[in-house]
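To start, the structure under review is shown below, and the notes come after it.
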Amino acid sequence: MSSSAWPPELKAWVQQCLSKATASNKDAVNSELKQILFRAHADGTIKTTDWSKVELASLKAQAQRTTHVPLPPRINITTTSFGPKPIVPPQASTSFNPSTYLSSSAAGGPSTTTPAPALAITTSSEKKKKKKKNDGSAKSSFPTPYHFTSSTEEQEALARRAARFQKPAETSSIAGGVDRWFGGGDSDESLNGIGMVPGQVGKRKMRGKGGLGYSGEEVMEVDPNVIDWDKHTIRGTCTKLEKSYLRLTSEPKPADVRPLHILQQTLQLLKRKWKEDHNYAYALDQFKSMRQDLTVQRIKNDFTVEVYEIHARIALEAKDLGEYNQCQTMLRQLYELGIKGHPQEFLSYRIIYLLHTRNRSDMATLLAQLTQTEKSDRGVKHALDVHAALATSNYARFFKLFTSAPNMSGYIMDHFVERERIAALAIMSKGYMTLSLTYVTTTLAFDTEEETDAFLQAHDAAIYVPISASTTNNNHWKPIRLPPLHERTWDCRKAHAACATGIGKYRVVDLKGQVD
């Protein structure tokens, strides 16, 4: 919006507000003006608002502090004493008004007065007379917190101070004048672009946290003390599709950085190669190089979100939880900027990840911020069910959810499913005497009995009920032949100690790549 397009009433109102601002509240006035102008621009009410009736809360507070408060009734401290009443000569009294005294006598009162006793208390009629006397021209002989003397010099100083604050704000004061708010004559920038307030830098568009922070009301933020990094951002000129990742040790050169259109071609190449070869070492090197080029060029758009989402999914598939977590952290920031992507999917992954790391404080914060829309998502609902199953030690429900995990949640659950299996075995071995190995395989979501037996062997819990050996007529023992695994019976009572000991192996969680 050009400078000439702003309503004159709005400019006059801003100039008036800036002129009333002081050094103590200029920041509050500046901030409130920004909020009001941005809100009016977003609502389209800049030209329809009666700006002469709009008041700033920061200026109201200042007016309340400077408003004159009526003086409370003064207490005549001379009427009450703890000893003999001091004798004061009549000439020393400066609050005596002969005209008031004579008028009260002429109204029918006595023309002479009798001195009051030493402990006499002033009556209500005398208080009214003294209020009439205290019209501002008389001076008190005793200073109080409610009455201040005002000499000629002090009155002149107050007048000079009032005149100083009545002067209009200059261009270099407070917020830079009206021109800094509405731009110069050549300015033709919009509030919706990067030059939403001409003459200022550090402009950015943020979204307030709605639920987890992936959606919310748009808030425009301007900070005049932030450097305009757009002037210093490089634009790459490299045309190579493939480039190895190297950690930067100096300022990046444009010749070594790929621009956006080259990075888009690189992403298509990496997706095709991953489907063909599944070479994670190569994919990791290339994706980290792409992320670096996006960062040094300060590119944050839909393509940036796509790169981080694809890299996160590949890292989950390759069981690289550390690299996934770095991508997840950046995706949270990009979603908070309002950039489109798959926030609900990665929200469910984050819940499962927090269950893996046993981060109860972050989990409580996240659950408190969830909205009803987020809770109704299929992936998020599944993650919340997993959380409820673990919180109640319902291992049967947990392993059913493990086998039906949507998207790629199962890849994260793979990292702590063994921990939950040994915990479930400890519960089962305490509640049962014996269990068939087939039942254990089905309940704990093992693929085969061989996998179940290997897990029990790794934890020294592969203890089965022995088979009774038959004897011949010569009372010679026949060699014992072990039955197949699907016919074996697990001895829960004897294996309980080993299961309880096995839980200790999973007490420490390896937080690979933990950056948030």
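The values are calculated or read from the model by the stated rules, or taken from the named source; none is laboratory data. Owing to the predicted nature of the structure, the values given are computational and were not obtained by experimental measurement. Heads up, the Cβs are rebuilt from the backbone with ideal geometry, glycines too, and the neighbour counts pull from every protein chain shown. To get the accessible areas, we keep the full protein, side chains included, count just its heavy atoms, and leave off ligands, DNA and RNA. Shrake-Rupley method; radii C 1.70, N 1.55, O 1.52, S 1.80 Å.
Surface calculation, 1.4 Å probe, protein heavy atoms: residue 373 sits at approximately 100 Å² accessible. Its alpha carbons considered, segment 268-409 gives a radius of gyration followed by a Dmax of 16.2, 50 Å. Can you pull out the trypsin sites (Lys or Arg not before Pro) in segment 241-340 whose DSSP state is coil and whose Cβ has at most 10 other Cβ atoms within 10 Å? Counting only loop positions with at most 10 other Cβ atoms within 10 Å, the trypsin sites (Lys or Arg not before Pro) in segment 241-340 are 247. Tally Lys and Arg at +1 and Asp and Glu at -1 over the other residues with C-beta under 9 Å from the C-beta of residue 434: what net charge comes out? Within the 9 Å Cβ shell, the charges total 0. Using a cutoff of 8 angstrom between alpha carbon atoms and counting only pairs six or more residues apart, the relative contact order for segment 223-354 works out to 20 percent. Taking amide H as placed 1.01 Å from N in the peptide plane, the amide H of residue 436 sits under 5 Å from that of 490, each at least 5 places away or on another chain. Here segment 296-408 is assigned +1 on the Cβ of each Lys and Arg and -1 on the Cβ of each Asp and Glu. Its dipole about the Cα centre then comes out at about 300 debye. Temperature 37 °C, viscosity 0.692 mPa s: under these conditions the Stokes-Einstein estimate for segment 296-346, based on its Kirkwood radius over C-alpha pairs, is 299 µm² per second. Counting heavy atoms of the protein chains alone, residue 38 has an accessible area of about 30 Å² for a 1.4 Å probe.
Modelled spin-label separation between residue 358 and residue 231, with each label point placed 7 Å from Cα along the Cα-to-Cβ direction: 5.3 nm. Net charge in the neighbourhood of residue 388 (other residues with Cβ under 15 Å of its Cβ; Lys, Arg +1, Asp, Glu -1) is +3. Measuring with a 1.4 angstrom probe and ignoring ligands and nucleic acids, residue 20 comes out at about 100 Å² accessible.
When all protein chains stay in place and ligands, DNA and RNA are ignored, the 1.4 Å accessible-area order of 266, 45, 403, 443, largest first, is 403, 45, 443, 266.
Averaged over its residues, segment 271-344 has an accessible area of 42 Å² per residue, based on protein heavy atoms and a 1.4 Å probe. Among 408, 290, the sequence by solvent-accessible area, most first, with a 1.4 Å probe is 408, 290. Spin-label model, residue 368/residue 244: points 7 Å from Cα along the beta carbon direction are separated by 4.9 nm.
Largest accessible area first, the listed residues 508, 465, 14 line up as 508, 465, 14 when surface is computed with a 1.4 Å probe on the assembled protein chains.
How charged is the neighbourhood of residue 457? Take every other residue with its Cβ under 13 Å from the Cβ of residue 457, and add Lys/Arg as +1 and Asp/Glu as -1. Residues near residue 457 contribute -4 overall.
Taking every Cα-Cα distance in segment 8-58 and sorting them into 5 Å bins from zero, the calculated P(r) comes out as 4, 21, 33, 26, 12, 4, 1 percent. In this structure, the pairs whose alpha-carbon distance is over 26 Å, taken from 400/430; 288/319; 288/381; 20/53; 231/300; 253/300, are 288/381.
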